[in-house]
Each structure stands twice: as structure tokens, then as C-alpha cells.
Amino acid sequence: MVDIEVHPDAAGVAAAAAERIASAARAGGHVALAGGSTPERAYELLRGEDLHAATLWFSDDRAVGPDAPESNYAMAARALLDHLEEPRRPRVHRIEGELGATAAADRYEALLRAEAGDRPQLDLILLGLGPDAHTASLFPGKPAVQEAERLVTAVPEAGMKPWVPRVTFTLPLLNAAREVVFLVAGADKAPAVARAFSEPADPESPAAHVRPEPGRLIVLLDEEAATGLER
Ligand code: 6PG
């Protein structure tokens, strides 16, 4: 079941996401962060929290170094991680994009299995949604969407800018999570929201295949992003 929550604006979406991250962190959870602009606001809201019990992962990143402008890790560091001092700092596992997408994906999958079990069920995975209904770095029509075995895979060709190779969580890992939360704001996302979360959803939309079972799927929308859904 898709649990849809509509907030007045992007700030409301960010606040709701921040609450969910804080509560999973307090419980000592494995939490995967997303890239993108709406999550960035959520991370900023967590600067005052004690996140030491959490282990943080990234649901995707660009195959670049940790200081590159395109790096999702760099964004999370700027927005949140650099503002958390000991003893409030969580354990952070970033995708080592500087190794190249294939090696970084192999390393990240091995680390996940070592830290979270051979079939990891992460406590909370955050995701964004692109205007083409991509999520994480699962782009429509690209082979990564079909991946059925691996937990993390390389995406040699992105489906959108920035045109750099990516590393992404796969559908098997996303769908094994205890909770997946999408953060989506803005009118330009309304068609993608309708494709991914209407009943029936559009199977060409990668986000339509994120349906954790028996985990929860929560979609945090602002009013503008929700306009394409029948309510
Ligand atoms: C990435 C992201 C990607 C993102 C969406 C939505 O690395 O590009 O993880 O999946 O979440 O493109 O991004 P916005 O929230 O910025 O629109």
C-alpha cells in the first residue's frame, strides 16, 4: 500500500522527512540518504540532533570524489554532517565514487552485506523522484532497473544531467527495506508522481516498482507535486 502524505509546501515535506530520519536514528537504525534539493532542507533541520546511534548510507551517488560539486555525499556533508560534532555524529558510509562506478558499487555492496547482513533490510531509505520518474539512479529504460540479484550496481550512463556515471541501490535492496520514504516537491514533479503512485502505476516508471513488502512506503508530497493524483 502507498501511504501518501500531502504537505502545504516543500518546507513541510522536509520537516516531515527530518522527523522520520531523527526517529530512525534514535532507534539505532540503518538509514540511507538521498541526493536532491528537498532532502537537503531536511538534512539542515537535523543539525541540532544527536544522531550517534545511526548508521548512514546513500541510496545513490555520482561516480565522483567526495568533494566534487556533483557528489550527493558532499551535499549531505555541507547540509548536515559537517555540523555534527562528537558525540552526536553517526557512522557514515559514503559511496567511494572516485574508484569508478563499477568498483565503487562492488565495494559498497560488500560493505552493506558486512555491516547489515547478507540480505540487508535497512530501517529507512530516503528517495527522490525525477521529472522522468527515475528514483535513486534507476533511470527509465536503463539496465539497472532490471537488476534482480545485486544490492548496489553501477550505472555507466545516467539518464539525466549531470551526465556522469552513477552508483545506485537496486530494486531488491529498496524493496527489502522496513520503510521507504519519497520526498517530492514542485509542480514539475506532478506528472511523475501520477505515473509512479497512481493505481495502477505506470510500469515504465522506475519509481512505480519501489513497493517494499512487508515494509512501509510513505510518499511525502507538497500540494503542487500532488496535483496529478486523484484524491
Ligand atoms: C540523484 C538523486 C536523484 C534525485 C532526483 C530528485 O543523485 O540525482 O538521488 O534520484 O533524488 O533526481 O532530485 P530533486 O529532489 O533535486 O528534484
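The values are calculated or read from the model by the stated rules, or taken from the named source; none is laboratory data. Given the structure is predicted, the values throughout are model-derived calculations rather than measurements. Reconstructed Cβ throughout: ideal geometry from the backbone, glycine too, with neighbour counts over all protein chains shown. Protein only, heavy atoms only, side chains kept; ligands, DNA and RNA dropped before computing areas. Shrake-Rupley method; radii C 1.70, N 1.55, O 1.52, S 1.80 Å.
Under 5 Å between amide hydrogens, which residues at least 5 positions from residue 155 or on another chain qualify, with H placed 1.01 Å from N in the peptide plane?
Result for residue 155 returns 166, 167, 168.
First check a/c for the stretch 137-194, with a ≥ b ≥ c the square roots of the eigenvalues of its C-alpha gyration tensor; if it is under 1.5, answer rounded, and if not, answer prolate when a/b is larger than b/c or oblate otherwise.
Because a/c hits 1.5 or more and a/b fails to exceed b/c, the stretch 137-194 counts as oblate.
Hey, any idea what % of the chain's accessible area is carbon plus sulfur with a 1.4 Å probe?
49
Distances longer than 20 Å among the Cα atoms of the stretch 42-100: what percent of all pairs is that?
For the stretch 42-100, the fraction of Cα-Cα distances above 20 Å is 23 percent.
Within the stretch 115-130, find all residues whose amide N lies under 17 Å from a label point positioned 7 Å from the Cα of residue 4 along Cα-to-beta-carbon.
129-130
For the stretch 6-60, what's the radius of gyration and Dmax over Cα atoms, in angstrom?
10.9, 31
Return the loop-located GluC sites (Glu not before Pro) in the stretch 141-213 (DSSP other than H, G, I, E, B) with at most 15 other Cβ atoms within 10 Å of their own Cβ; answer none if there are none.
149, 157, 204
Please report, largest first and rounded to whole Å, the three semi-axes of the ellipsoid equivalent to the stretch 115-231, where each semi-axis is the square root of five times an eigenvalue of the C-alpha gyration tensor.
22, 18, 12
If eta is 1.306 mPa s and T is 10 °C, what Stokes-Einstein diffusion coefficient results for the chain, Kirkwood Rh from Cα pairs, in µm²/s?
92
Kirkwood Rh over Cα pairs of the stretch 63-135 into Stokes-Einstein at 4 °C, 1.567 mPa s: D in µm²/s?
92
Quick one: accessible area per residue over the chain, 1.4 Å probe, rounded to a whole number of Å²?
So the chain comes to 44 Å² accessible per residue, rounded to a whole number.
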